[in-house]
Amino acid sequence: MTVDLAGAEWFKSSHSSGGQECVEVAFLEGGSIGVRDSKDPAGSILIFHPAVWDAFTAAVAHEEFNRSPA
């Protein structure tokens, strides 16, 4: 899949503390979602299909990734 990132507007979560350990997200042309490491904006970018991104964010909202203490 080829995605044009030239016009991407990257942002961090409003819950970000402003530190360096953040991910940035961009809503891209065609509906895809880009995710990158804020410490390395020129590095690798993950591209997600909208349905996959929606499933992921719904799972996060429902705390499905919270682990029980060991």
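The values are calculated or read from the model by the stated rules, or taken from the named source; none is laboratory data. Fair warning: this is a prediction, and the values are worked out from it, not measured in the lab. No Cβ is skipped: glycine too gets one built from the backbone with ideal geometry, and neighbour counts run over all protein chains shown. Heads up: the accessible areas ignore ligands, DNA and RNA and are worked out on the full protein's heavy atoms, side chains in. Shrake-Rupley method; radii C 1.70, N 1.55, O 1.52, S 1.80 Å.
Spacing of the modelled spin labels on A58 and E29, each 7 Å from Cα toward Cβ, amounts to 2.9 nm.
Residues in the chain average 78 Å² of solvent-accessible surface per residue, probe 1.4 Å, ligands and nucleic acids excluded. Element breakdown for the chain at a 1.4 angstrom probe: carbon and sulfur atoms account for 54% of the accessible area. The simple Förster model, with R0 at 22 Å and r as the Cβ-Cβ distance, assigns S44 and E9 a FRET efficiency of 0.70. Pairwise Cα distances in the chain exceed 18 Å in 47 percent of cases.
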